[in-house]
Amino acid sequence: MTRIDKKPSGESTAVSVRGLVKHYGETKALDGVDLDVREGTVMGVLGPNGAGKTTLVRILSTLLAPDAGQATVAGYDVVRQPRQLRRVIGLTGQYASVDEKLPGWENLYLIGRLLDLPRKDARARADELLERFSLTEAAKRPASTYSGGMRRRLDLAASMIGRPAVLFLDEPTTGLDPRTRNEVWDEVKAMVGDGVTVLLTTQYMEEAEQLASELTVVDRGKVIAGGGIEELKAKVGGRTLRIRPVDALQLRPLAGYLDDLGITGLATTTVDTATGTLLVPILSDEQLTAVVGAVTARGITLGSISTELPSLDEVFLSLTGHRASAPQDTVPTDDREEVAV
Ligand SMILES: Nc1ncnc2c1ncn2[C@@H]1O[C@H](COP(=O)(O)OP(=O)(O)O)[C@@H](O)[C@H]1O
Ligand SMILES: [Mg+2]
């Protein structure tokens, strides 16, 4: 390919952000954000509506100038080297950016031409990416006839035309149904397998867990936590003990038994009938030992027993004191204060 600059060699940090600030009047969209994304990894930026995720992505992709702080992508400074930077990134925004009237193939070909690819290369790249994202059969149809998932796949294909070293995905699956969301996740995983570095913003805990190896949790323009996903979950403390009696009829009696035992500080158990398991929140090793001991003493035969770290939802609640709000497209982000507190 022609115009794609080589990444500066020896660079192991693909994205580096220091003290990034962006204010809109009184609103501190970004209020001193630091983060690093290692080359070849997926960083999840997790936060509710209005946290500052899109502002961050817009600054990193040179669409918006920061008020203060520094950021580099693939070694290029967002303010001083925007032209070079744009050549090594791909961006899929929160809303579909393809031209609805044009067929899928035409969309990709045009973007290739905009990126200065010779006609022949632009054609080949369009064919290759349509194949890759399972859109070959729909290549000649206008994008307006595509399903939500097909459109999002076309979006992802479009962001891959310039063979980006760093890809920004801003809430790639918000508003998609669960099946389509899974399709998009598979595509993202495949891209990561090719060595692309990804910075992904999301409001979905499950998405971060599926795709990201590291997380930066943002809230109201500030980083409130960061690190590996497991590390972050462990930071919050508690675990959940999951017990499955072989005899499902013993589930409820066992729950009642444990709740009545009076083990110090033990919270109420939950019966999960779908999986035939009992969930016991555990705060200490002593509690764990006491619960397992009590179950054994009862002579109940167990099919399985395991402990689980808390879900990211619980992590967020414990870090911020409020739940990460579900996407609410109808609520303007400015109303976030009322929603979140
Ligand atoms: N162009 C703008 N003008 C005024 N306020 C803005 C603008 N863009 C974003 N904001 C505000 O900045 C905050 C962060 O917005 P945004 O980065 O879009 O958050 P997120 O993507 O996490 O939902 C919000 O309070 C939002 O209302
Ligand atoms: Mg956003």
(request) Determine, yes or no, whether Thr275 is hydroxyl-bearing (Ser, Thr, Tyr), closer than 27 Å to Ala208 by Cα and in a loop (DSSP other than H, G, I, E, B). (result) yes
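Output the residues belonging to the stretch 165-179 that are more than 16 Å from ligand 2 (Cβ to nearest atom) and either open to solvent by 10 Å² or more (accessible area, probe 1.4 Å) or among the basic types (Lys, Arg) (or both).
Our first condition is that a residue be more than 16 Å from ligand 2 (Cβ to nearest atom); within the stretch 165-179, this holds for 165-167, 177-179.
If the condition is that a residue be more than 16 Å from ligand 2 (Cβ to nearest atom) and either open to solvent by 10 Å² or more (accessible area, probe 1.4 Å) or among the basic types (Lys, Arg) (or both), then Ala165, Asp177, Pro178, Arg179 are the ones that fit.
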(request) Among residues belonging to the stretch 57-68 that are of a type outside the set (Ser, Thr, Tyr) and crowded, with 19+ Cβ neighbours inside 10 Å, point out the one that is farthest from ligand 2 (Cβ to nearest atom). (result) Pro66
(message) Condition check: in a loop (DSSP other than H, G, I, E, B), hydroxyl-bearing (Ser, Thr, Tyr) and either closer than 21 Å to Val98 by Cβ or modelled with pLDDT of 90 or more (or both). Does Thr173 satisfy that?
(response) yes
(message) Among (1) under 28 Å from Gly44 (Cα atoms); (2) touching a strand residue (DSSP E or B) at 6+ places or on another chain (Cβ under 7 Å), there is one condition Ile305 misses while meeting the rest; what is its number?
(response) (1)
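Take the residues in the stretch 141-164 that are assigned to a loop (DSSP other than H, G, I, E, B) and out of contact with any Gly (no Cβ under 8 Å at 6 or more places or on another chain); name whichever of them is nearest to Glu100 (Cα to Cα).
Filtering the stretch 141-164 for residues assigned to a loop (DSSP other than H, G, I, E, B) gives 141, 146-147, 161-164.
Subsequent filtering for residues that are out of contact with any Gly (no Cβ under 8 Å at 6 or more places or on another chain) retains 147, 163.
Working: Ser147: 12, Arg163: 23 Å.
Here the answer is Ser147.
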(request) Report yes if some residue within the stretch 20-43 is within 13 Å of ligand 2 (Cβ to nearest atom), at pLDDT 95 or above and under 22 Å from Thr197 (Cα atoms); otherwise report no. (result) no
(message) Between a residue in the stretch 49-65 that is more than 14 Å from Val198 (Cα to Cα) and without any contact (Cβ under 8 Å) to a residue 24 or more places away in the chain and any residue that is more than 8 Å from ligand 2 (Cβ to nearest atom) and charged (D, E, K, R), which pairs come within a Cβ distance under 9 Å, given they are 6 or more apart or on different chains?
(response) Arg58/Lys22; Ala65/Lys22
(request) Check every one of the strands (runs of 3 or more DSSP E) wholly within the stretch 180-267 and list those with 2 or more residues that are surrounded by fewer than 21 Cβ atoms within 10 Å (Cβ to Cβ) and within 16 Å of ligand 1 (Cβ to nearest atom). (result) 222-228
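The values are calculated or read from the model by the stated rules, or taken from the named source; none is laboratory data. Please read all numbers here as calculations on a predicted model, not as lab measurements. Glycine gets a Cβ as well: all are built from the backbone with ideal geometry, and neighbour counts include every protein chain shown. Note: areas computed on protein heavy atoms with side chains; ligands, DNA, RNA excluded. Shrake-Rupley method; radii C 1.70, N 1.55, O 1.52, S 1.80 Å.
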